[in-house]
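I have placed the structure first, in the form of structure tokens, so that the comments after it can refer back to it.
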């Protein structure tokens, strides 16, 4: 068994296998492995290894064999599609020394999908209903290729399509409930506190030594995970039961919150746009946005939340000076005097969009996303974020660097966090 | 050696090791591995295995050992940060039986960064300048932790920080040029043709048997890679030289283009927004956008392109009916008669934004992103995409399913593709 052995005595370990040349040449980022790991964790199964190999029978069989010898649970994704480079199914048959058999339910599903989409069924699609004998067939409710679930030699061998939405549906509908019913004995729980607006090292200074948070043998760990959106603090706990693990986490979370509360905008998978949406909805407040350098990213994120139409009224992407003048009533003289990237224009944009749309809050961004267009006084990366409500208009200055996409991401995050802080009356 | 052996006789193989509990519990998606693989490919090094393990010394040493025995090139990322859970450096020292030594250049770099950001230097940052003896130190130009490059026993062992921007800078400035100068002998080249607006199975039918494209032993492969943005066709070639590999690819690309040309909007890492931007700039045309259901995503993507201010004038996110009426002059009677999600409103929005902003082209979206809000006549997933130029106003109807984020992505892609097709006078 690989690593972490001292902590996983009674839990099952897993290896997550991903198959596909597209992963090995770096064309596609492997998002399946992280999803599967997270889901298995919820039922006490810890993935200690993730392996990616190509569409090559020898490599696939080698990986199957090694994973099967060293792990309780093996998940396999990829290579179940309808085209010639999909060879996982054949490898599974070879590994388990079994043959293919037609699954009527899978065939009916495939036919149904094609009928619904009004597309003629072709043989290569029909062949996806051929499954290895002796497995439990996991029907595909969102696509054509079924998955296979083998329970043998106290091992669980789970084969799923590589299309993320199809794999996810199978994991949540079949795989997780299966293990949940069995009950594993050890529970691994995680909680992530998402911070923004503070650097990793400063956060570490404020929190100090982890010994202040928990004892070395408590089954607890703390990790710092930086990203453009901010640093996440992940607390992990292993205990004999889920309630016990959650209790341990809660204790540490409480201590952390006393140290860095104002920087924490959410937990786990919560996005800042969701948190902000809830705050606005609770207060019955509406928001409008005027974006220049973020180019629509804030509006895009706000509207990623279902139900955002309750508080998000409209957004403007005023990229040109003309658009700032026409749409937001920014005085031309102000742009001439201070430049489009200035405190004055940011405030005027926020005020302009709020007044025009009749919302409670107006938010704006104006900056230099780069990589070109900077000057010594106004370098690439400079951004002014403007805020307006019926009591005040204000603007904050940041520098978010010269990488265009990261700049946009950080600026959008800081803008949304400004509104969060205003709503919670946290100093900015 | 693992898989693909018959094709990589003279090239070097690589294993990409990623270290970090955050990857194993699924909190973070591993984007480093794909970037490294892609970069190594350009210098003829093929990653046949990617492995992810946790912040656990035993697991790390086990993986180092296995990778070192089976691969020519081993890359390691993660665990070089300033906090307690970063243990990669100690494991590297143990593996190579070496000690830590202070690197003055690394220390100067760290001090410089802290001075520039005006943050007090603390010891845990200073310690990042301690590096294993006997390695080439890869200085970190965008962060604090240096990387380590070992050349031993005809093996290359490369350790880099896990922060993507830092790793990327080291790969492109140091690692890739290093191998490029050496010259490897075999060249692996890839070319991806990016299609949109056509299903994978229909594409496969149009293209037919791969034998029509190339002989089985030609060193060529073709893969289908579906995503929300469309299906990508990846051609890979291995040959004794880069020109030869490129010649093979060009031949297959030519054949594919005769079959499915109009669906191909770009190649390799080209995004539709870049292609569209070039088409607009070449024709000296300007674009404005009125988005409802896509919520700013199209404007966000358009403005991800540096220089987009030349052709992108403004965007409106008219989420409410009021915004559609006020901002775009959509008649209230039209919304009452046909509903906000209708051909009529989509066309009126496109016309409205074009007229208001004085651009050559107006583009609009109106739809039901879901997961709730559908009716039997207008189900979740329905979207109308509107287009207006001085000759015509038109709208197309699509259904992009009930997963909100995927819906937005597909709708934004289809909208941009509509403009591409209009500019290229391809039928829609």
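Neighbouring Cβ atoms within 10 Å as the yardstick, rank A:355, A:88 fewest first.
Numbers: A:355 14, A:88 26.
Arranged by neighbour count, lowest to highest, A:355, A:88 become A:355, A:88.
Multiply the residue gap between residue A:244 and residue A:181 by 0.36 nm, knock off their C-alpha separation, and tell me the result in nm, one decimal place. Can you show the working numbers first?
Details: separation 63, 0.36 × 63 = 22.68 nm, distance 1.91 nm.
That works out to 20.8 nm of additional length.
Could you work out the percent of alpha carbon pairs in region B:107-173 separated by over 13 Å, rounded to a whole number? Display every interim value, and only then the final one.
On the way: 1410 of 2211 pairs.
Looking at region B:107-173, the distances longer than 13 Å represent 64 percent of pairs.
Using the number of other C-beta atoms within 10 angstrom as an exposure proxy, rank A:311, A:391, B:68 with the fewest first.
Sorted ascending by nearby Cβ count, the order is A:391, B:68, A:311.
Which of the peptides A:171-180, A:131-140 is most tightly packed, and how do the rest follow, judged by the mean count of other Cβ atoms within 10 Å per residue? If you can, show how the numbers build up before the last one.
Values: A:171-180: 16.6, A:131-140: 18.7.
Listed from highest to lowest mean packing, they are A:131-140, A:171-180.
Counting partner chain Cβ atoms within 10 Å of every residue's Cβ in B:361-374, what's the average?
Mean shielding by partner chains, rounded to a whole number: 1.
Just rank B:418, B:396, fewest to most, by other beta-carbon atoms within 10 angstrom.
Details: B:418 20, B:396 17.
Sorted ascending by nearby Cβ count, the order is B:396, B:418.
At 10 °C and 1.306 mPa s, what whole-number value in µm²/s does Stokes-Einstein give for the translational diffusion of region B:272-423, with Rh from the Kirkwood sum over Cα pairs? If you can, show how the numbers build up before the last one.
Values: Rh = 15.0 Å.
Estimated via Stokes-Einstein, D reaches 106 µm²/s.
How large is the translational diffusion coefficient of region B:187-267 in µm² per second when you combine the Kirkwood radius over alpha carbon pairs with Stokes-Einstein at 25 °C and 0.890 mPa s?
Details: Rh = 12.7 Å.
Using the Kirkwood radius from Cα pairs, D works out to 193 µm²/s.
So if we plug the beta-carbon distance of residue B:215 and residue B:255 into 1/(1 + (r/R0)^6) with R0 = 22 Å, what FRET efficiency do we get, rounded to 0.05? Numbers along the way, then the final one.
Details: r = 13 Å, r/R0 = 0.58.
After rounding, the FRET efficiency stands at 0.95.
From other protein chains only, count the Cβ atoms within 10 Å of every residue's Cβ in A:28-40, then give the mean.
Working: counts 5, 7, 9, 4, 2, 8, 10, 2, 1, 6, 4, 1, 2.
If you average over the peptide's residues, the count of other-chain Cβ atoms is 5.
Run the label-point distances for residue B:339 please: 7 Å along Cα to Cβ, every other copy, nanometres, shortest first.
4.9
Averaged over its residues, how many other protein chain Cβ atoms are within 10 Å of peptide B:162-169's Cβ atoms? Please list the in-between numbers first.
Numbers: counts 2, 3, 3, 4, 0, 0, 1, 0.
Partner Cβ neighbours, averaged per residue: 2.
For chain B, what log10 I(q)/I(0) values come out of the Debye formula at q = 0.12, 0.15 1/Å, with one point per alpha carbon and no solvent?
The calculated log intensity ratios at q = 0.12, 0.15 Å⁻¹ are -1.06, -1.23.
So in the protein assembly as shown, what percent of DSSP beta bridges are antiparallel if you round to the nearest 5? Can you show the working numbers first?
Working: 91 of 147 bridges.
Bridges in the protein assembly as shown are about 60 percent antiparallel.
Testing the spin-label approximation: label points 7 Å from Cα along Cα→Cβ at residue A:127 and residue A:206. State their distance in nm.
5.8
Please tell me the relative contact order of region A:272-363 in percent, rounded to the nearest whole number, where contacts are Cα pairs under 8 Å and at least six residues apart. Mind dumping the intermediate values first?
Values: 130 pairs, mean separation 31.7, N = 92.
34 percent.
At residue B:284, with labels set 7 Å past Cα in the Cβ direction, how many nm apart are the copies from this one, shortest first?
Spelled out, the distances from residue B:284's label point are 5.6 nm.
Give the relative contact order (percent, whole number) for region A:274-423; include only Cα pairs under 8 Å separated by 6+ residues. Write out the running numbers ahead of the final one.
On the way: 312 pairs, mean separation 36.5, N = 150.
Worked out over region A:274-423, it gives 24 percent.
Packing-wise, with mean Cβ within 10 Å as the measure, how do B:224-232, B:263-271 rank, highest first?
Working: B:224-232: 20.2, B:263-271: 17.1.
Packing order, densest peptide first, comes out as B:224-232, B:263-271.
Tell me the relative contact order for chain A as a rounded percent, counting alpha carbon contacts under 8 Å between residues six or more apart.
Values: 824 pairs, mean separation 44.8, N = 428.
Reported as a whole number, the value is 10 percent.
If Rh is defined by the Kirkwood formula over all Cα pairs and Rg also comes from Cα, what ratio Rg/Rh do you get for the protein assembly as shown?
Details: Rg = 27.3 Å, Rh = 28.6 Å.
Value, to two decimals: 0.95.
What's the center-to-center distance, using Cα atoms, between region B:336-367 and region A:135-206 in Å?
42
Would you calculate a helix-derived [θ] at 222 nm for the protein assembly as shown, using -39,500 (n - 2.57) for each DSSP H run of n ≥ 4 and dividing by the full residue count, to the nearest 500?
Values: 32 runs with 328 residues, N = 856.
Calculated at 222 nm, the ellipticity per residue is -11500 deg cm²/dmol.
Would you tell me which residue of chain A has the beta carbon closest to the rotation axis bringing chain A onto chain B, and how many whole Å away it is?
So the closest residue, with its distance, comes out as A:296, 2.
What are the nm distances, shortest first, from residue A:376 to its equivalents in the other copies, labels at 7 Å along Cα→Cβ?
Listed shortest first, these distances are 7.2 nm.
Read-outs throughout are calculated quantities, based only on the coordinates presented, and are distinct from any laboratory measurement. Small disclaimer: the values here were computed from a predicted structure and weren't measured. Every residue, glycine among them, receives a Cβ derived from its backbone with ideal geometry; neighbour counts consider all protein chains shown.
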